[in-house]
Amino acid sequence: QVQLVESGGGLVQAGGSLRLSCATSGSIFSINPMGWYRQAPGKERELVAAISIGGSTYCADSVKGRFTISRDNAENTVYLQMNSLKFEDTAMYYCAALLQDYWGQGTQVTVSS
């Protein structure tokens, strides 16, 4: 059974920070670009950030300058550092292995205004 295990979500005040983590197996991590998606109630799921195996990154315009994606190849973990959080960042955040289309169960991020 494929496992991507997210952690780090929670409730934070606007302007605060959170760091999301997503751990998986080496066999998945070594061949997949990784991404973080989010889905707010009543909205479509959107790509927030992605990182290639080599470390090239992409961030959506809505989070650019505030969120940073990184990966630790030794720990088979991808991170999403979220700073200057806004109310509109409230959503369920999902980790994905992009090549093989594997998904985690999601972690809730709630930003209070």
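The values are calculated or read from the model by the stated rules, or taken from the named source; none is laboratory data. It should be emphasised that the depicted structure is a prediction, and the values quoted were computed from it without experimental measurement. No Cβ is skipped: glycine too gets one built from the backbone with ideal geometry, and neighbour counts run over all protein chains shown. In case anyone asks, the SASA skips ligands and DNA or RNA and just uses the protein heavy atoms, side chains included. Shrake-Rupley method; radii C 1.70, N 1.55, O 1.52, S 1.80 Å.
Side notes on the structure shown:
- Taking amide hydrogens as placed 1.01 Å from N in the peptide plane, the amide H of GLY106 sits under 5 Å from those of GLU6, CYS95, each at least 5 positions away in sequence or on another chain.
- log10 of Debye I(q)/I(0), alpha-carbon scatterers only, for the chain at 0.10, 0.17, 0.19, 0.23 Å⁻¹: -0.25, -0.73, -0.91, -1.30
- Distance cut-off 17 Å, percentage of C-alpha pairs in region 17-67 lying past it: 44
- For the pair region 24-56 and region 58-74, the centres of their Cα atoms are 10 angstrom apart.
- Disulfide-incompatible cysteines by the Cβ rule (no partner under 4.7 Å) in the chain: CYS59
- Derived scalar couplings between HN and Hα for region 83-96 equal 10, 6, 5, 10, 3, 6, 7, 4, 4, 8, 9, 10, 9, 9 Hz in order, rounded to whole Hz, by the Karplus curve 6.51 cos²θ - 1.76 cosθ + 1.60 (θ = phi - 60°), x for Gly and Pro.
- Looking at the chain, the accessible area is 52 square angstrom per residue; that uses a 1.4 Å probe and ignores ligands, DNA and RNA.
- The portion of the accessible surface of region 23-113 made up by carbon and sulfur, rounded to a whole percent, is 50 (1.4 Å probe; DNA, RNA and ligands excluded).
- Interchain or long-range residues, amide H under 5 Å from SER25's placed H: GLN3
- Mean residue ellipticity at 222 nm, helices only, the chain: -500 deg cm²/dmol; runs of at least 4 DSSP H residues each add -39,500 (n - 2.57), and the sum is divided by the number of residues.
- Close amide-amide hydrogen proximity is noted between LEU98 and MET34, GLY35, each under 5 Å apart and 5 or more residues distant or on a separate chain (H modeled in the peptide plane; Pro and chain starts excluded).
- The phi-based Karplus calculation (6.51 cos²θ - 1.76 cosθ + 1.60; θ = phi - 60°) puts the 3J(HN,Hα) values of region 26-38 at x, 5, 7, 5, 6, 10, 10, x, 10, x, 10, 10, 9 Hz, whole numbers, x for Gly and Pro.
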